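Here's the structure, in structure tokens; my notes come after.
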Amino acid sequence: MAVKIKSVFSRSYAERAGCEAGDTLLSINGNDIVDVLDYRFYQLESQLELKIRDVKGEVHTVRVRKPQYEELGLDFDTYLMDKEKSCRNKCVFCFIDQLPKGLRESLYFKDDDSRLSFLFGNYVTLTNLSEHEINRIIKMHISPINVSVHTTNPELRVKMMGNRFAGDSLKILKRLSDNNIVINSQIVCCPGLNDGEELKRSLRDLYDLNVNLIAVVPVGLTKFREGLFELTPFTKEKAIETVDILEEFGDMCMQTRGKRIAYAADELYIKAGYDIPDASFYGDFEAIENGIGLIAMLKEDLLAELDWRDPDDNIHRNVSLACGTSAAPYLRELMDAVEARFKNVKVTVYPIVNDFFGDNINVSGLVTGGDLIKQLKNKPLGDDLLISSSMLRFENDLFLDDVSIDDVRGKLNINVIPVNNDGRMLLDAILGEEGEDG
């Protein structure tokens, strides 16, 4: 295996050593370079011996001396240096299988790549790992690795993931744990399948494996499930049962480890009719990307920001805030606090019903541009419309239904401001101070 060098950074150690664009990097210090993990790991040493094949096909050795951990200075065609690995499973709860036809192609790609787990926090199932990759994770001590476990019952995991190797791959967790690899785990909880006693079993098993985190999220069911495995949405009773199991387990972990480790998604608390715990409950908010602690973090940040800001009656603002139906009551409560602090500021919260995916989907991150336009047309929106940046892809330009943010601005004739889940950024946007320094 080898990787082609796209470019060499100016004044880098690689350039000084004579590396050129178009060359092929074969190995570093005798270690084959297959992808980004190999390159990033082996380039850290202070003395490097690179085996290079130049554009003429001749192989030669390049020696580099540099400070340890400093970058060598090579760039490649893609970040991973080869193709992203796709998922081999047919999970009964897969959200991508529930998408309608006709969306942009990238939305239908299912990744299951351990490199993306380490680099970007993506979750992997372990069913796609070769023996070489397992050994490499252990050798390089790649941590943390994020694993979609779903259940520790091998037979049930095979059923839920539609992969006959899904049960056997659980053994990899033990190997990783035995080699002190930090494991963050995720369970997509499906009523009637891996909840109740099966959830308790998974929690016990993952505790014994000394995992760092167990994030439990409810299955998301869209209206596009025709021909798919029959699943049941969470009822209030099932949500209560699930949250109670997790809180009892978490209390035990606090006593034995001084850390909760297992958390329920905000959506489960809302469905159960429970109050969202305070920010202190979530520790370092390690599971925030799973929708766990989002509301608590925003509340803590925003109220702290309000505490130190002096009331200013000279600020006159009238803005609207659109969100998923589940978050709306909590955001309304926070906006009441903002309005109490700034007497001439008004914030209207608009809960957006998810007509695109179906009303079982109620989180802000899955609100589409089309639903925003349809439900906010001719509504009083004030000076600006604020939305969660989670509604948009990374580039902050497109919603899931391929409607652009510019389309929404044009159709609603309003300035639309995407805001991260950050109290200061939200308050700045409300007060018209977004983008100001400091």
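Couple of notes before you dig in:
- Fully extending the segment from T256 to E433 would add 59.1 nm, taking 0.36 nm per residue of separation and subtracting the current Cα-Cα distance.
- Rounded to 10°, Cα long-axis angle of helix 328-341 versus longest principal axis of the chain: 70
- When mean projected area of the Cα convex hull in nm² is computed from the coordinates, the matching label among [x] 32.3; [y] 26.7; [z] 24.7 is [z].
- Tilt relative to the chain, helix 131-140 - C-alpha long axis, 0 to 90 degrees, to 10: 80
- Once the Cβ-Cβ distance of D244 and D278 is raised to the sixth power relative to R0 = 22 Å, the FRET efficiency obtained is 0.75.
- ³J(HN,Hα), Karplus 6.51/-1.76/1.60, whole Hz, each residue of region 292-307, x for Gly, Pro: 10, x, 4, 5, 4, 5, 4, 4, 4, 4, 5, 5, 5, 5, 5, 4
- Region 34-49 - phi-based ³J(HN,Hα) in whole Hz, Karplus 6.51/-1.76/1.60, Gly and Pro as x: 9, 7, 5, 5, 4, 4, 5, 6, 7, 7, 6, 5, 7, 10, 10, 10
- Distance between the C-alpha centres of region 13-39 and region 320-373: 50 Å, rounded to the whole angstrom.
- Partner lysines whose Cα lies under 25 Å from the Cα of K56, excluding those fewer than 8 positions away in the same chain, are identified as K4, K6.
- For region 7-55, relative contact order (Cα pairs under 8 Å, six or more residues apart, normalised by length) works out to 40 percent.
- Straight-distance crosslink candidates among lysines, where the alpha carbon sits under 19 Å from K90 and sequence neighbours closer than 8 are dropped: K101, K110, K159, K223
- Backbone amide hydrogens, once placed in the peptide plane, bring V124 within less than 5 Å of N146, V147, S148, excluding anything fewer than 5 places away on its chain.
- Contact order normalised by residue count of region 298-438, Cα under 8 Å, 6+ apart, percent: 28
- Using the Cβ-Cβ distance between Y69 and A337 with R0 set to 60 Å, the FRET efficiency works out to roughly 0.85.
- Computed 3J(HN,Hα) for region 213-229, one whole-Hz value per residue from the Karplus formula 6.51 cos²θ - 1.76 cosθ + 1.60 where θ = phi - 60°, is 8, 10, 9, 10, 10, x, 4, x, 10, 8, 7, 9, 10, 4, x, 9, 3, glycine and proline marked x.
- Helical content of the chain, expressed as a calculated mean residue ellipticity at 222 nm, amounts to -9500 deg cm²/dmol (DSSP H runs of 4 or more residues, -39,500 (n - 2.57) each, divided by residue number, nearest 500).
- Label-zone membership for region 367-383, site T348, 7 angstrom Cα→C-beta point, backbone N under 17 Å: 372-383
- Share of carbon and sulfur in the accessible heavy-atom surface of the chain [1.4 Å probe, %]: 48
- Tensor-based shape of region 224-314 (alpha-carbon gyration tensor, a/c under 1.5 rounded, otherwise prolate or oblate): oblate
- Of all beta bridges that DSSP places with both ends in the chain, some 40 percent have antiparallel geometry.
- Set of aspartates and glutamates near K66 by C-alpha distance (under 13 Å), chain-local residues within fewer than 8 positions excluded: E15, E45, E49
- Angle of helix 236-257 to the longest C-alpha principal axis of the chain, folded into 0 to 90 degrees and rounded to 10: 50°.
- The calculated FRET efficiency for the pair H132 and R393, based on their C-beta separation and a Förster distance of 35 Å, comes to about 0.60.
- Mean separation of Cα contacts under 8 Å (6+ apart) over length of the chain, as relative contact order %: 9
- Accessible area of the chain divided out per residue, in Å², using a probe of 1.4 angstrom: 49
The values are calculated or read from the model by the stated rules, or taken from the named source; none is laboratory data. These numbers come from a predicted model, not from an experiment. Here Cβ is always computed from backbone atoms with ideal geometry, including for glycine, and neighbour counts include all displayed protein chains. Remember, those area values only see protein heavy atoms, side chains included, never the ligands or the DNA or RNA. Shrake-Rupley method; radii C 1.70, N 1.55, O 1.52, S 1.80 Å.
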